[in-house]
1. Given 204, 192, which one is at negative phi, in contact with a helix residue (DSSP H, G or I) (Cβ under 7 Å, 6 or more places away or on another chain) and not β-branched (Val, Ile, Thr)?
2. What's the number of the only condition in (1) surrounded by 14 or more Cβ atoms within 10 Å (Cβ to Cβ); (2) under 30 Å from the mean Cα position of the chain (by Cα); (3) not aliphatic (A, V, I, L, M) that residue 217 fails to meet?
3. On the basis of being more than 16 Å from the ligand (Cβ to nearest atom), at pLDDT below 95 and surrounded by 13 or more Cβ atoms within 10 Å (Cβ to Cβ), does residue 196 make the cut?
4. For residue 307, work out the one condition from (1) in a loop (DSSP other than H, G, I, E, B); (2) touching a helix residue (DSSP H, G or I) at 6+ places or on another chain (Cβ under 6 Å) it doesn't fulfil.
5. Just for the range 255-284: of the residues that are among the charged types (D, E, K, R) and within 8 Å of the ligand (Cβ to nearest atom), which one is farthest from residue 244 (Cα to Cα)?
6. Any residue at all in the range 106-123 that's free of Cβ contacts under 8 Å to residues at least 12 places away in the same chain, more than 19 Å from residue 47 (Cα to Cα) and open to solvent by less than 50 Å² (accessible area, probe 1.4 Å)?
7. Can you tell which of 42, 27, 20 is touching a residue at least 60 places away in the same chain (Cβ under 8 Å) and either buried (at least 16 other Cβ atoms within 10 Å of the Cβ) or of a type in the set (Phe, Trp, Tyr) (or both)?
8. What is the number of the single condition among (1) loosely packed, with under 13 Cβ neighbours inside 10 Å; (2) assigned to a helix (DSSP H, G or I) that residue 201 does not meet?
Amino acid sequence: MSGGSSDSGSYDDLPDGVLVADDTGAVIAVNVAAARLLGRDVQDALGRNYREVIPLVDTAGNDWWSCTDPYAGLTTRTGQPERQLTLVKGRGADGHDLLVTARYVREPESRRVVRLVVCFRDAAARERVDRSRADLISTVAHELRSPLTSVKGFTATLLAKWDRFNDEQKKVMLQTVNADADRVTRLLAELLDVSRIDAGRLELRRQVVDVPTAIRRSFAGRVASGEPEDRFVLMVDGDLPEMWLDPDKLDQILGNLVENALKYGDGTVTVEVHASPAGAEVIVRDEGSGIPEELLPRVFGKFWRQAGVRRTGTGLGLFITKGLVEAHGGHISVGHAPSGGAEFRFTLPAGAPTYEG
Ligand code: ADP
């Protein structure tokens, strides 16, 4: 512990609250995070009894310190595992929930408690993470259920009534099963990308990439699958520096944005590339009805789809696109094209080779 008016100097760097009481229960240190969570000044807390500084009740409303009594309880106890407890309202504290752990430092011989160390953090952040995880699981389950219901329904029908259908009818059913199986596979691949992005484990294999060529290839893929060639326009402005990007990820970014422009937009899909010494800015726009102003901040969210719009995708495409652009050190934004359609702009810093090992 370094100096300072309280004994908490080196604790002040910790994101969690720390409170230390001496062998009489008097508070001898509180760090900045603790003072904030408790709604008190550090100076005001020092010297007071720990029960007064951090009054806690359990979910049944029982006084926590009376239940556990660190100084008088079993001499074999060395602490309390993490528990969610409520800070009692009053003196600046607003009665919020804390995740609390306690450690009893005992004298080896007498087993007397010489220090009580209490660590705590705001439970709301953890709850938010848990809730968003639970939401994600229920959305994923829902997304998987509809294609699987159709796979199950058609295969069961075919198995039970095989002779009652003609070849054409069987073919239609099998095509539906095939498309739904593809949908499940696609969803699982997207979920793996989402989990890599969330965990910050997206790996880039950078190499020199010609961005305009990648865009032309993306257009060519769409033309090959039946889109008229004159729906696509590419404009390149300036000379690009040597761009070190992950070519597969760039294809995924372009593929998503071009596919969305075709799927949800209309008219010509224009891709502009503006070069700068630092890299490139890429603009993808269409001539459809665009995305309403108030919904723009939500398009990069997980599973977000505009209500009332034909549901073909999973709503993960733009979340992944954003993650891939950011993994390259770039930034993506959405707005309106001059024609009223959607306009996505992203930057790609030129990057440098990554060395492994
Ligand atoms: P999905 O995988 O369902 O296509 P995205 O994350 O790619 O999901 O897109 C989310 C939503 O954003 C789409 O469902 C659509 O409503 C809207 N959107 C995306 N691109 C466009 C566009 N070019 N024009 C209009 N709406 C768009």
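The values are calculated or read from the model by the stated rules, or taken from the named source; none is laboratory data. Owing to the predicted nature of the structure, the values given are computational and were not obtained by experimental measurement. Using ideal geometry, Cβ is built from the backbone for each residue, glycine included, and neighbour counts are taken over all protein chains shown. Keep in mind that these areas ignore ligands, DNA and RNA; they rest on the heavy atoms of the full protein, side chains included. Shrake-Rupley method; radii C 1.70, N 1.55, O 1.52, S 1.80 Å.
1. Working: 192 fails: in contact with a helix residue (DSSP H, G or I) (Cβ under 7 Å, 6 or more places away or on another chain).
Within the list 204, 192, the selection yields 204.
2. With respect to (1) surrounded by 14 or more Cβ atoms within 10 Å (Cβ to Cβ); (2) under 30 Å from the mean Cα position of the chain (by Cα); (3) not aliphatic (A, V, I, L, M), residue 217 is out only on (2).
3. Answer is yes for this residue.
4. (2)
5. Applying the first criterion (among the charged types (D, E, K, R)) to the range 255-284 yields 259, 263, 266, 272, 281.
With within 8 Å of the ligand (Cβ to nearest atom) added as a condition, the list becomes 259, 263.
On the way: 259: 24, 263: 30 Å.
Within the range 255-284, the match that is farthest from residue 244 (Cα to Cα) is 263.
6. Step one: filter the range 106-123 for residues free of Cβ contacts under 8 Å to residues at least 12 places away in the same chain, giving 107-110.
Those still in the list that are more than 19 Å from residue 47 (Cα to Cα) too: 107-110.
Checking which are open to solvent by less than 50 Å² (accessible area, probe 1.4 Å) leaves us with none.
So far as the range 106-123 goes, no, none of its residues is free of Cβ contacts under 8 Å to residues at least 12 places away in the same chain, more than 19 Å from residue 47 (Cα to Cα) and open to solvent by less than 50 Å² (accessible area, probe 1.4 Å).
7. 20
8. All conditions are met except number (2).
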